Ligand code: AMP
Ligand code: GLY
């Protein structure tokens, strides 16, 4: 089969890497891809948002199947473009991708179908939001309704902070139209776990669990980022939590979406908080997580193409999804200054040290070719990933491998997987 992967980050590199191991896949294309993906796929510099050009390219190459990585094109309806042209596609249609694209939609869905989540109110008017905040307990959480690269969430400790937050989101439009509407949500505490689930619209199967580190700095300080590192599995995702979520979250959400006429096919990413009262949904995403994918897919035993096809054609109940009984850790090497401002275009040295080592994979998040060399090309640059028999081994190996790479403004967190010590 010929498969086109849409996107060009570390998540897409991990997807391409998994596809490259499939017995069913003969040829992989990626748009736009990156310098790491280019080792495994033919890359073409078409934007992931340009549905028309992507479809023409897929037709020209005789692509049999499309896999969409990022949220923006899914929210804009990229899956509809391919599906309506008769090309099987992994990823939800626009009417289902809304579960990520609108936080107000997902909160209303959870309320209607009793899916456990934080209490909330939705506002499309700043004065009404501020009047509500004056009566609300602090801390409190403000969320831009729309997509904001994972950065549209403000945790406010005081009324003053919350008022400033409303102004930032709704009046100053820090995240553009994503802040036309906001969700104001009860503040919860607990450990966070990401569970990515495959779904064909009827059946849903959770993958192994993972934990992300969203803040830029050690000790969970600094700004929220797309994710600075991950580990899998999460030791806090116990059998009891799994049982609860299978009963009250995963299937319930897929059934709710179908009942609303929004059949969800693809990856439903459940961001969970394990509170004292039990697991609660923090957010849903309509795609693989980045960098969760970099630690989850290397542990997958199945041929990923079998799973993608089963999701697309509604036969996921026939798949016995299996993961290795091991662990993986991914440490993100970023450009210093991310997520605010940073320089790029610096040569990356040491990539060849990963060659021939099955336990170590260097997934490229933001890299490009310049004058025949691979250079940095983003805030997040490389996801250095290692596999080990257990979490401690995987973590030690991942940090060992971060030393193999050098580039001018290399920045990373030094405490990815610290929670492993707190088990
Ligand atoms: P989200 O994009 O909705 O997952 O939010 C980003 C991050 O904000 C989450 O990973 C949590 O760390 C934090 N967060 C979101 N909602 C809440 C909440 N209700 N209570 C506490 N923290 C939250
Ligand atoms: N790592 C969090 C996300 O992909 O949204």
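Extension gain, residue 318 to residue 27: 0.36 nm times the residue separation minus the Cα-Cα distance gives 102.2 nm.
Distance from the C-alpha centroid of region 331-377 to that of region 228-266: 32 Å, rounded to the whole angstrom.
Where does the chain land at 222 nm, in deg cm²/dmol rounded to the nearest 500, when only DSSP H runs of n ≥ 4 count, each adding -39500 (n - 2.57), divided by all residues? Before the final figure, lay out the partial values.
On the way: 13 runs with 111 residues, N = 423.
Counting only the DSSP helices, I get -7000 deg cm²/dmol.
Remark: the chain projects, on average over all directions, an area of 19.3 nm² (convex hull of Cα atoms). Projected onto their three principal axes, the Cα atoms of region 39-95 cover extents of 33, 21, 18 Å, largest first.
Peptides 271-283, 126-138, 65-77, ordered by how many other C-beta atoms sit within 10 Å of their residues on average, highest first, read 65-77, 271-283, 126-138.
Just to be sure I follow: if Rg is taken over the C-alpha atoms of region 327-419 and Rh is the Kirkwood radius over the same atoms, what is Rg/Rh? Reported Rg/Rh, Kirkwood definition of Rh: 0.98. Which whole-number percent is the relative contact order of region 126-221 (Cα, under 8 Å, 6+ apart)? With pairs under 8 Å counted, the relative contact order is 24 percent.
Percent of Cα-Cα pairs more than 21 Å apart in region 258-352, please.
Details: 2578 of 4465 pairs.
Result for the distance tail: 58 percent.
Taken along its three principal axes, the alpha carbon spread of region 268-423 comes to 48, 39, 31 Å, from the longest extent down to the shortest.
The distance from the alpha carbon centre of region 99-132 to that of region 390-423 is 36 Å, rounded to a whole number. Rg and Dmax, both from the Cα atoms of region 1-129 and both in Å, are 17.5, 58. Normalised by the number of residues in region 209-274, the average gap of Cα pairs under 8 Å and 6 or more apart makes the relative contact order 22 percent. Treating r as the C-beta distance of residue 306 and residue 406 and R0 as 30 Å, the FRET efficiency rounds to 0.15. Take every pair of alpha-carbon atoms less than 8 Å apart whose residues are at least six positions apart; their mean separation over the length of the chain yields a relative contact order of 16 percent.
No value in this document is a laboratory result; all are computed from the given coordinates. This is a predicted model, so every value here is computed, not measured. Counting neighbours? That spans all protein chains shown, and the Cβs are built from the backbone with ideal geometry, glycine included.
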